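Below: one structure, written as C-alpha cells.
No lab work stands behind these numbers, since they all come straight from the coordinates. Just so it is clear, the model here is predicted, and its values are computed rather than measured. Here Cβ is always computed from backbone atoms with ideal geometry, including for glycine, and neighbour counts include all displayed protein chains.
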Amino acid sequence: MKLSNLVKQLSKILICTRGSLGDVLPYIALAHGLQKNGHQVLMVVNASNFGVVNKQGIECVAFDVGQAADKQNSKDFKGLTQSLLGSLKVLRKLGKHLRQEVACIQRLAPSFDLILGSQTSLAAPLVARALGKTWVFSGVSPMAFISFIDPPYLHGLRWLGKDSMLPNWWKAVLQWFFLKLSDVIYVDYRQIEQELGLPHEHPLFAGRYSSWLNLALFSPLLARPQADWPAKTIQCGFVKETIRVAHQTHDVGLENFLASGPAPVVFTLGSVARVDPQDFYELALKVIAKLGVRAVLIKREGVPLNVDPSMPVHVCSFADYSVLFRACQCVVHHGGVATLMQAMAANKPSLILPRTLDQFDQAARAKKVGVAEVLPFMKLSELLLLEGIKRLLTGSSVEDDGSKKNTKSILQEDGLRFACLEIERLLLKLGANNAVLFEIR
C-alpha cells in the first residue's frame, strides 16, 4: 500500500470548538482550508453557532441541541462585568454542558483519525485521552498558552503582573492560583475524568495540551513563544481569513454608506457582549454628535436603539471587518483577539473596552505594542469615551511608525496555511507509522 493512500485514509478530522462567534470563526476558516486540501471535516460546536457553521457548507453537530441559542446566550452572559468575580462566573458558565459535549464527541470520535480541539473545548482532550486518539490543541489568544515568563494580565490581580515590584516567588503564587482556581471552576471536569478512568491532568496545563501538536493561532506581535510553552508548539500566526467567512448576506446599505462620505468611526462589541451592551450605544451616539463624525454601529439584532435619521450613522448586525476596518478612521471595540488583529492589519488604531476574560490581556498587549488606547468597560462614560476617540483621531495616542511595521508584519502572516501544513505533517507522520505497522504485519 502506498504511503500517499495511507495519508488519504487518515484525513477524517473532527474539529471541536465552542463559545462566541469569534471563538468559532477561525475554525470555520481551518475547516475550509482542510476541505480544500481534500480532507473530510466535521465540526462540533455549541447550538448558538450551529447555524453559522452550517451555512458555510461545513458538516457540523451541536452538542447542546436542546438549548435555544439566543436564550442561552442571554441567560448565561447577561450582566457581564469587568470584575474578577464576573470573569470567574463566565468561566464557570462556559463549563456548563461539558458532560453533553463529552458524550457527543465520544460518540463521533471513533470514526475520525484526528481530533482538533480549541482552547474553549475542555471535552476534546478528555475524549482523546479516553479513546487513545491522536489530537491537536489550538488557541487563538495568548492566554491559551499560559506562561509564567510572559504572564497574562489578569483584571483584579494586577499585583501579579510581570512589571510589578514583587520578588521572584510571585510566579509560584501565580501558578498556585491558576491550579486552585480551575479546580473550583471546573468541578465537572474532574468528575468526568474519574468516570472515564483517567488520571487527573490539569485542564489549564498538562490536561489541555497535546503531546502530538499544539498550534498558536495568533500573531507574535501579541505574544512570542516562551520557554515554558508546551513542547511541540508551533506559532502559526493570525488566521486572517476568519472574518472573510461571512455568514450574512451582502450589506449594500453599508457599502453605499462607506462610499458616500468621509471615513467613519466603528463601534462594535463582541457577539457575547452585545447580549448586554448596557448604555454603550447610547453613549456612542452622544459622542458621535459631539465629534461631528460619521459612524458605523454594529449591534445585536433585537437590541433597541433610537437613532435620529439625520445623524450620519449606519447600524447593522454584521460586517466583514477585513473590509470595514480598512475604510474607517478608528475602531472602538471589546478587545476580542480576532477583532484586534483585523484592526491592526488595517493599520487602524483601537479604543479597547475590555470587559471579561482574555480581553484585558489582549488590551494590555495592544497598548504596549502602541496600537491601542484602553478604557475598561466598567469605567465607560461619555467624557472618557469622547476623550479616548479624540486621541485616536488626532494620532496622539498611538505610534504611527510602529503601526505601519505591525501592519506589514500581520499582512505577511498566513496562519491558515501554516496551521493546515502542520496538521498535514502530523497526518503524514501517522501515515508513515501505519505504513511500518502494515509492512510488519
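Per residue, the average separation of C-alpha pairs within less than 8 Å and at least 6 apart gives the stretch 252-412 a relative contact order of 21 percent. Ranking of D358, D23, D188 by neighbouring Cβ atoms within 10 Å, starting from the fewest: D188, D358, D23.
In the stretch 252-412, taking the dipole from charged Cβ atoms about the Cα centre, the farthest positive-side position among V266, M341, Q278 is held by M341. When peptides 414-423, 292-301 are sorted by average Cβ neighbour count within 10 Å, with the highest value leading, the order is 414-423, 292-301.
Pairs from the table (K36/K299; K299/K348; K232/K429; K286/K379; K180/K240; K232/K368) lying more than 25 angstrom apart at Cα are K36/K299; K180/K240; K232/K368.
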